[in-house]
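So the structure is just underneath, and the comments pick up after that.
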Amino acid sequence: MCARTDLVLAVAGQIEACYDTRIAGVRVFCSEAIDGFGRADESAVVAAADAPTSWQDELTTQGFLVGELRRVDVRSSGRRRRLVFSGLGGLEVDADRRVVVVDADVPSAARPEVMLGPGLLLLLAMDGVLALHASAIAHGGRTILFCGVSGSGKSSIARLAAACGAETLVDDIAPCRIAPTPQLLPRFPQLKWAQPLSGADRAIGIDQIVFVERGTAALGVQPLSAAETRLRLIRHSVAARLFPRALLRWHLDAVTAFTRGVPALRMSWPECAEAAIPGQVAAALARLSAW
């Protein structure tokens, strides 16, 4: 049986997790053969948890999952969380057992995203991992995170920076540990990649975070105050809307610590034809190297 320091992903009714991999610095077992997981040399027994005496309705929110923006109903019982996604099904996260159990009626094609998305992110947050909606590269001896809304260019930077001698580390979700200093944990499912779990299992110090914006007249880079950086980090956190109050307090403390430990910049650049984007990326990286 796996140690309690490991995490387990399973489908209801499946009592043994026979596949494993490393994600965000921890060993993760799974009851299904998801891409990137290999046959484990041992298995994790997924013991059935006692049914809660009662679930408390906690909040209703929404999130983008399996191609749609869905309503999410969240209930709690002690350190257990029950999430139900409209038109899809639900899952349960047990912080004490470090287990995510997905409803058996969730379609098999959707299970990997449900497990590796809200289920795993919530369990990792309970384990002290802050997840940001960001891409990240290693360039010029520095590790740089890029945050921004869809269409702002952060994914273009991650994809095209290799032509400028950079290494793409993550593209979409950037898990970070804060103590003793902010570090990126690049081995996390990047669902836009052909091999989602191709990132190395290591912790990398973060030298800079850049908030990317489109639609301005010219390329520009400006430093951000700590207060503005904190607000932007909260805006670009992943899964925080699913957190209970105690976890939200940890999350806000983690964001504050990240703000103190990593310099932040705002980078704006103009809309342009697709063919001009590689040149824009090169110019942006050259500008950032001066900071």
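Among the chymotrypsin sites (Phe, Trp or Tyr not before Pro) in the stretch 1-82, which ones are in a DSSP loop with at most 15 other Cβ atoms within 10 Å of the Cβ? Mind listing them? Spell out each step's value before the answer.
Working: sites: Tyr19, Phe29, Phe37, Trp55, Phe64; in loops: Phe37, Trp55.
Those that pass, being in a loop and sparsely packed, are Trp55.
Give me the angle, in degrees from 0 to 90, between the Cα long axis of helix 226-235 and the longest principal axis of the Cα atoms of the chain, rounded to the nearest 10. The angle comes out at about 50 degrees. Amide H contacts of Val46 (H built 1.01 Å from N, in plane; Pro and chain starts excluded): Glu16, Ala17 sit under 5 Å, all sequence-distant by 5 or more or on other chains. Label positions at Arg235 and Asp201, each projected 7 Å from the Cα along the C-beta direction, are separated by 3.7 nm. At full extension, Thr60 and Leu248 could sit 66.1 nm farther apart than now, given 0.36 nm per residue minus the alpha carbon distance.
Using the alpha-carbon positions of the stretch 130-288, Rg (one decimal) and Dmax (whole number) come out as 15.1, 47 Å. Counting only Cα atoms, the size of the stretch 1-127 along its three principal axes is 40, 33, 26 Å, in decreasing order.
Over the Cα atoms of the chain, the radius of gyration divided by the Kirkwood radius equals 0.98; this is the Rg/Rh ratio.
Taking the centroid of alpha carbons for each part, the stretch 192-206 and the stretch 1-77 are 20 Å apart. State log₁₀ I(q)/I(0) for the stretch 40-111 at q = 0.18, 0.24 Å⁻¹ as given by the Debye formula over alpha-carbon point scatterers of equal weight, solvent excluded. Relative scattering, expressed as log10 I(q)/I(0), comes to -0.79, -1.17.
FYI, it's all coordinate maths here, none of it is from the lab. Predicted model only: the values in this text are computed from it and were never measured. Here Cβ is always computed from backbone atoms with ideal geometry, including for glycine, and neighbour counts include all displayed protein chains.
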